[in-house]
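Novice: Quick one: structure below, then a few questions.
The values are calculated or read from the model by the stated rules, or taken from the named source; none is laboratory data. Remember, predicted model here, so these are calculated numbers, not experimental data. Quick reminder, even Gly has a Cβ in these numbers, built from the backbone with ideal geometry, and neighbours come from all protein chains shown. For the accessible areas, the whole protein counts, side chains as well, though only heavy atoms, and no ligand, DNA or RNA atoms are used. Shrake-Rupley method; radii C 1.70, N 1.55, O 1.52, S 1.80 Å.
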Amino acid sequence: MGNLLEHMGIERDRIHFSWISSAEATKFVDVVKEISKKVRALGPNKKLVKDYN
Amino acid sequence: MDTCIQKIREIAFQLLDKKEVEKVIGFSNGTIPMATSPITIASKQDTEKLVFNSTCGLNLANYIRQQKGKIAVIAKGCDSRNIVTHIIENQVKRDQIYIIGVPCKGMINKSKIKALFEDDILKFTEDGDTLIVESSSKKEKLNKKEYLRDNCRLCQHRNPVIYDVLAGEPVEEQVLDVPYPDVEKIAALDADARWLHFQELTKNCIRCYACRNACPLCYCPTCFVDESGPQWVGKGQDKTDVNTFHFLRAFHCAGRCTDCGACAEACPMDINVRDFTRKLNKDAFDMFGWEAGLDQTKRPPLDAYSPDDPNDFIK
């Protein structure tokens, strides 16, 4: 799915997959930190955004 | 290919005569030249209506679900692979269908031929690999090979993979060094150019869903685009909704698509929706060595777990 999005021109780093158990709080924190770091680096998404105005 | 129609009619006649099948699903002439439409025949007198030529671009595997009794269906290479997919997905039982296999040399790109004429095409006939197309102003003799659909040009499974009887001699399979040149061409662009490519591709989409309806894989009782609670995607022609529809529909076909080209064939706006599905076909092949519909005994890659599955995308 990530590959097809990338093929369409949507940055690969905007979609992340992980498997985290409810007991793995630290892993959850780490993954979310990494996701926000990568997405922040990409800046706001302009593609596949619906304009309601 | 034009000679095999006699054989198809003969087989259909015998099957209906001996009451071995209730119905035969095949192609008949459409209302305009260079068009054929699917037809269901239940009486042996009607077998004369069956035709088979290079304009039979739709996929008849789309019509074999939820039929009562035994039915016969005419299947090209790609159609036969969709029948296998149907068997794997429990949509039909193998013993419920009688498959009349047709080795196929490809179907023609009708838009490309129409573009040669300024006026309407009045007559279309073919003689071996020559297409003879006439309008009121001119008559053209065309080499079929130059007017094949893109998916047929890149087809590596022209002979049916599953059949009860063959209506013609098997044809030579193509072996391609680069099976996905179209996908690679898009992949070579940068991200913004790729995005632009798909924006341009879908900009004329009128959301008629002909691609979905022609697709043998799209048999969900309620398609996600038609659901209202929750409503997954907007129903208008907003470009984001259009793209979401095409993206998700393609993804639902991941590891199942046989690149039969029925979606692009059915599209009234000539959108090559295969640009979406081809990428997934390539991925399925690169990551899982999988081509859909070749083996009844194997589960599709997205349906089965294997320790060898690529999993570096997951954190």
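Novice: Which condition does B:ALA214 not pass, out of (1) more than 10 Å from every other protein chain (Cβ to nearest Cβ); (2) open to solvent by 30 Å² or more (accessible area, probe 1.4 Å), if it passes all the others?
Specialist: (2)
Novice: I need the strands (runs of 3 or more DSSP E) fully contained in the stretch B:22-75, keeping only those with at least 2 residues that are open to solvent by 20 Å² or more (accessible area, probe 1.4 Å) and aliphatic (A, V, I, L, M). Break it down stepwise before answering.
Specialist: Numbers: elements: B:23-29, B:36-41, B:71-75.
Once the strands (runs of 3 or more DSSP E) in the stretch B:22-75 are filtered for at least 2 residues that are open to solvent by 20 Å² or more (accessible area, probe 1.4 Å) and aliphatic (A, V, I, L, M), nothing remains.
Novice: Right, something else. Filter the stretch A:17-48 for residues that are at the interface with chain B (Cβ under 7 Å from one of its Cβ atoms) and open to solvent by less than 70 Å² (accessible area, probe 1.4 Å) and give the result. Full working, then the answer.
Specialist: Residues of the stretch A:17-48 that are at the interface with chain B (Cβ under 7 Å from one of its Cβ atoms), as a first pass: A:17-19, A:31, A:47-48.
If the condition is that a residue be at the interface with chain B (Cβ under 7 Å from one of its Cβ atoms) and open to solvent by less than 70 Å² (accessible area, probe 1.4 Å), then A:PHE17, A:SER18, A:VAL31, A:LYS47, A:LEU48 are the ones that fit.
Novice: Going by the conditions given, is B:LYS144 under 20 Å from B:CYS56 (Cβ atoms), among the basic types (Lys, Arg) and either surrounded by 13 or more Cβ atoms within 10 Å (Cβ to Cβ) or without any contact (Cβ under 8 Å) to a residue 24 or more places away in the chain (or both)? I'd like the intermediate steps shown before the answer.
Specialist: Values: under 20 Å from B:CYS56 (Cβ atoms): yes; among the basic types (Lys, Arg): yes; either surrounded by 13 or more Cβ atoms within 10 Å (Cβ to Cβ) or without any contact (Cβ under 8 Å) to a residue 24 or more places away in the chain (or both): yes.
Yes: the conditions hold for B:LYS144.
Novice: Looking for something within 21 Å of B:LYS282 (Cβ to Cβ), within 19 Å of the chain's Cα centre (by Cα), more than 10 Å from every other protein chain (Cβ to nearest Cβ) and not basic (Lys, Arg) - is there at least one such residue anywhere in the stretch B:239-246?
Specialist: We begin by selecting, within the stretch B:239-246, every residue within 21 Å of B:LYS282 (Cβ to Cβ); these are B:243, B:246.
Next, only the ones that are within 19 Å of the chain's Cα centre (by Cα) stay: B:246.
With the extra rule that they be more than 10 Å from every other protein chain (Cβ to nearest Cβ), the set shrinks to none.
No, there is no match, as no residue in the stretch B:239-246 is within 21 Å of B:LYS282 (Cβ to Cβ), within 19 Å of the chain's Cα centre (by Cα), more than 10 Å from every other protein chain (Cβ to nearest Cβ) and not basic (Lys, Arg).
Novice: Please go through (1) within 12 Å of chain A (Cβ to nearest Cβ); (2) at pLDDT 90 or above for B:GLY236 and return the number of the only condition it doesn't satisfy.
Specialist: (2)
Novice: Follow-up. Quickly run through the stretch B:92-115 and pick out the residues that are assigned to a loop (DSSP other than H, G, I, E, B) and open to solvent by less than 60 Å² (accessible area, probe 1.4 Å).
Specialist: B:VAL92, B:VAL102, B:PRO103, B:CYS104, B:GLY106, B:MET107, B:ASN109
Novice: Got at least one residue in the stretch B:239-247 being open to solvent by 40 Å² or more (accessible area, probe 1.4 Å) and without any contact (Cβ under 8 Å) to a residue 40 or more places away in the chain?
Specialist: Within the stretch B:239-247, not a single residue is open to solvent by 40 Å² or more (accessible area, probe 1.4 Å) and without any contact (Cβ under 8 Å) to a residue 40 or more places away in the chain.
Novice: With respect to B:ILE5, is the statement that it is open to solvent by less than 40 Å² (accessible area, probe 1.4 Å) and modelled with pLDDT of 95 or more true? Working first, answer last.
Specialist: Values: open to solvent by less than 40 Å² (accessible area, probe 1.4 Å): yes; modelled with pLDDT of 95 or more: no.
No: the conditions fail for B:ILE5.
Novice: Same structure, new question: If I ask for residues that are more than 7 Å from chain A (Cβ to nearest Cβ) and part of a helix (DSSP H, G or I), which ones from the stretch B:197-207 would you list? Please lay out each step first, then the result.
Specialist: Here is the first cut: in the stretch B:197-207, the ones more than 7 Å from chain A (Cβ to nearest Cβ) are B:197, B:199-207.
Hits for the stretch B:197-207 are B:HIS197, B:GLN199, B:GLU200, B:LEU201, B:THR202.
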